[in-house]
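Read through the structure below, which is laid out as structure tokens, and then see the notes.
Where a number appears in this text, it was derived from the coordinates with a stated rule and is not lab data. Here the structure is a predicted model, which is why all the values come from computation and not from measurement. Cβ coordinates were reconstructed from backbone atoms using ideal geometry, including for glycine residues, and neighbour counts include every protein chain displayed.
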Amino acid sequence: MQPKPPVHYGDYLQLGKILDAQLPESSKRGQMAHDEMLFIIIHQTYELWFKQILHEIDSVRAILKLVPMPSTALATIVGRLQRVTEIQRILVEQIRVIETMTTLDFLDFRDDLIPASGFQSLQFKLLETALGVRATHRLEIEKQFFQSRLKPEERSTLESASQETSLFDLLQAWLERMPFSQFAEWDFWSQYATKVEQMLHRDEQLITNNPNLDEKVRKMELSNLNTTRETFLTVLDASRWEKARKEGKVRLSQTATLNAIFIQLYRDWPVMQVPKQILNLTIEIDELMTTWRYRHAIMVQRILGTKIGTGGSAGSDYLKQTTERNRVFTDFFNLSTFLIPRHEIPALPDFMQIEMGFSYDGHKL
Ligand code: HEM
């Protein structure tokens with residue numbers, strides 16, 4: 001067998017291809033705009049990071065499909081999701097680099113780019129889809145624009161990606177498999193409902209007896225409290241929750257939501273540490289994605305003002321709309337609604353303390 005030739009840095013990293021891949025449009029008309037190099041390199045850098053994020057999210061999705069999941073797999077998921085959040089922080093921070101380009105610098109080559117646009121970032125759309133953005137949920141203009149601007153092969157890649165189970169769906173199924181929404185030997189949820197009612201009653205008393213409130217404000221505060229009560233009643237009632245789901249007010253199933261509430265309430269117990277981290281990292285990913293969208297929208301406003309984008313959208317106004325609309329894990333944030341003070345949380349019965357604490361061979365450690 002021939003000895004393997006020594007690996008060479010530049011060959012291994014394919015630097016020939018990567019460093020020869022900056023072809024400014026402005027130089028094609030013989031007037032190279034200085035900042036177009038930055039514009040190309042920053043987009044390429046983003047696309048490389050998108051590739052890495054997709055690699056991590058795809059692997060996490062593959063692990064979540066394993067039922068039952070090996071016990072150590074959860075730690076792998078945590079490590080990879082943490083890596084995604086670190087990359088996202090760089091993606092947000094990197095916007096500062098593009099902001100060193102002024103409007104006049106951009107106008108030197110903007111028209112050369114039309115009709116190319118970030119709409120056509122297939123990897124960004126794949127990432128949104130992998131996380132759980134659904135085509136039906138996208139803004140009408142967004143659907144039309146990016147669908148018509150993608151190449152046919154890109155459209156079919158996106159189409160098949162949207163047939164795959166998203167991170168949202170897999171996390172939901174994982175939460176649904178947890179045993180916390182019903183216990184044969186412990187009626188946790190009725191104890192929880194009692195504590196909630198006591199908490200709401202105390203709030204009601206505080207508002208009713210507050211001498212500093214005028215009647216109008218008191219009425220408004222009581223009505224807000226009633227909305228909170230309705231929210232609790234909804235989460236504890238399967239048919240109400242299903243109705244709210246059909247109306248698009250919530251997305252996560254009731255069983256998954258109840259189990260996630262249980263994890264968040266008993267998050268300090270050893271068995272809950274890793275599930276809690278997974279919930280928190282999911283929230284973090286959504287928050288950083290939303291932060292990136294908003295930072296991008298504000299940067300676009302700074303550079304374009306109210307001009308339309310090269311892809312023909314309303315520019316920063318459009319981007320601000322997708323910032324909120326394309327969020328996937330809002331229900332994970334809203335779990336906080338259902339938390340009650342630590343001292344009110346029902347105490348775990350003995351059998352649960354063994355199950356959820358550090359124990360070996362049935363003995364507490
Ligand atoms: C001068 C800098 C930039 C400007 C003026 C700009 C402008 C815009 C505008 C106006 C849109 C809306 C679509 C359109 O009408 O074209 C858009 C979309 C987008 N841009 Fe940028 N952008 C800039 C830099 C970047 C960078 C560095 C990235 C990194 C990958 C990026 C990624 C995207 C993505 C992924 C979308 C689609 C977002 C969505 O559909 O929700 N943009 N951009």
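For the chain, the longest principal axis of the alpha carbon atoms and the long axis of helix 188-208 meet at an angle near 90°. Report note on the peptides 250-261, 199-210, 26-37: ranked by the mean count of other C-beta atoms within 10 Å, highest first, their order is 250-261, 26-37, 199-210. For the listed peptides 124-131, 160-167, 277-284, a ranking on the average number of other beta carbons within 10 Å per residue, highest first, reads 124-131, 277-284, 160-167. What do you get for the angle between helix 122-131 and the principal long axis of the chain? Use alpha-carbon atoms, 0 to 90 degrees, nearest ten. Here the helix axis deviates by roughly 10 degrees.
Assuming a ≥ b ≥ c are the square roots of the Cα gyration tensor eigenvalues, decide whether the chain counts as rounded (a/c under 1.5), prolate (otherwise, with a/b larger than b/c) or oblate. Because a/c hits 1.5 or more and a/b fails to exceed b/c, the chain counts as oblate.
A simple packing score, the average count of other Cβ atoms within 10 Å per residue, orders the peptides 226-232, 17-23, 292-298, 132-138 as 292-298, 132-138, 226-232, 17-23, with the highest score first. Here the contact order of the chain, divided by its residue count and restricted to Cα pairs under 8 Å and six or more residues apart, works out to 22 percent. The label point for Ile95 and the one for Leu23, both projected 7 Å from the Cα toward the Cβ, are 3.1 nm apart. Shape class of region 115-220 from the alpha-carbon gyration tensor: oblate, with a/c at 1.5 or above and b/c at least as large as a/b. Seen through its C-alpha gyration tensor, with square-root eigenvalues sorted a ≥ b ≥ c, region 14-169 comes out prolate because a/c lies at 1.5 or above while a/b is bigger than b/c.
Estimated purely from DSSP H runs of n ≥ 4, each contributing -39500 (n - 2.57), the mean residue ellipticity at 222 nm for the chain is -20000 deg cm²/dmol once divided by its residues. Spatially, region 286-356 and region 171-203 are offset by 25 Å when compared through their Cα centroids.
Amide H to amide H, with H built 1.01 Å from N, Ser359 comes under 5 Å of Leu365, counting only residues 5 or more places away or on other chains. Angle between the Cα long axis of helix 316-325 and the longest principal axis of the chain, 0 to 90 degrees, nearest 10? Relative to the chain, helix 316-325 is tipped by roughly 30 degrees.
The slack in the chain from Phe351 to Glu86, taken as 0.36 nm per residue of separation less the alpha-carbon distance, amounts to 91.5 nm.
Legend: distances between Cα atoms for Lys249/Lys276; Lys65/Lys364; Lys65/Lys143; pairs beyond 26 Å are Lys65/Lys364; Lys65/Lys143. At 7 Å along the Cα-to-beta-carbon direction for both Glu164 and Glu242, put a label point, then send me their distance in nm to one decimal. Label at Glu164, label at Glu242, 3.2 nm between them.
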